[in-house]
1. Restricting attention to region 112-130, report how many residues are outside any helix (DSSP H, G or I) and open to solvent by 80 Å² or more (accessible area, probe 1.4 Å).
2. Scan region 81-93 for residues that are surrounded by 13 or more Cβ atoms within 10 Å (Cβ to Cβ) and under 18 Å from the mean Cα position of the chain (by Cα) and jot them down.
3. What pairs come out if I take residues in region 131-156 that are outside any helix (DSSP H, G or I) and pair them with residues that are surrounded by 11 or more Cβ atoms within 10 Å (Cβ to Cβ) whose C-beta lies under 8 Å away, six or more apart or interchain?
4. Being over 19 Å from the mean Cα position of the chain (by Cα), closer than 30 Å to Thr54 by Cβ and open to solvent by 90 Å² or more (accessible area, probe 1.4 Å): is that true of Glu78 here?
5. Spot the failing condition for Ile59; the list is (1) within 30 Å of Thr145 (Cα to Cα); (2) at pLDDT 85 or above; (3) surrounded by 10 or more Cβ atoms within 10 Å (Cβ to Cβ), and only one is missed.
6. Being open to solvent by 90 Å² or more (accessible area, probe 1.4 Å), in a helix (DSSP H, G or I), without any contact (Cβ under 8 Å) to a residue 12 or more places away in the chain and aliphatic (A, V, I, L, M), is that true of even one residue in region 94-111?
7. Let me spell it out: the conditions are (1) without any contact (Cβ under 8 Å) to a residue 24 or more places away in the chain; (2) touching a helix residue (DSSP H, G or I) at 6+ places or on another chain (Cβ under 8 Å); (3) under 14 Å from Glu152 (Cβ atoms); (4) not charged (D, E, K, R), and Leu83 meets all of them except one. Which number is the exception?
8. Looking at region 11-35 only, could you name the residues that are open to solvent by less than 80 Å² (accessible area, probe 1.4 Å) and in a loop (DSSP other than H, G, I, E, B)?
Amino acid sequence: MKYLKPILGLVGLAALVYIGNNRIAGIPPLLKFADPFAGFWQNAELDNEVEDSTLFLPIEAFGNVLFDARGVPHISAENEYDLYYLQGYLTAKDRLWQREFQTHAAAGRVSEIVGEKALEFDLEQRRIGMTYAAEQAVTLIDSDTTSKLILEAYTD
């Protein structure tokens, strides 16, 4: 009796592996579909997405972005404005929707995008006062020329 549960577990596991790897009643094998090396996940990102491409961006001097084998960008620039501009460009290239959504979330305006489901969230965000805090932060940043340069370059 004490061996019945482990044996049933192994038989169940073997059945799931068989069903997941073989076509049954016209249903394709689901485990092959979810395989990270040959299934649909392989189409998630292109290999060597940015090989040797040259972009002409409106920067003041010269900037260079090199991607390592893992796709991590390494930025070099002749001045700080160009450095932060390139960083902002790379961030927006991959995460523009996320950046836009985060501004809506902080301001309590998510319901404009997803509808009434987010109304309670929006009300809470407005109670917290992130918009007021952001306005105060902008006032403080405007008084510091270095911070202002960095943020303007990044957002440009």
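The values are calculated or read from the model by the stated rules, or taken from the named source; none is laboratory data. Treat the numbers as computed from the prediction; the structure is a model and nothing was measured. We place every Cβ from the backbone using ideal geometry, glycine too, and count neighbours over all the protein chains shown. Note: areas computed on protein heavy atoms with side chains; ligands, DNA, RNA excluded. Shrake-Rupley method; radii C 1.70, N 1.55, O 1.52, S 1.80 Å.
1. 0
2. Passing the criteria: Leu86, Gln87, Gly88, Tyr89, Leu90, Thr91, Ala92.
3. These pairs meet every condition: Asp156/Tyr85; Asp156/Gly88.
4. So Glu78 fits the description; yes.
5. Among (1) within 30 Å of Thr145 (Cα to Cα); (2) at pLDDT 85 or above; (3) surrounded by 10 or more Cβ atoms within 10 Å (Cβ to Cβ), the lone unmet condition for Ile59 is (2).
6. Checked against the condition, which is being open to solvent by 90 Å² or more (accessible area, probe 1.4 Å), in a helix (DSSP H, G or I), without any contact (Cβ under 8 Å) to a residue 12 or more places away in the chain and aliphatic (A, V, I, L, M), region 94-111 yields at least one hit.
7. (1)
8. Asn22, Gly26, Pro28, Pro29, Ala34, Asp35
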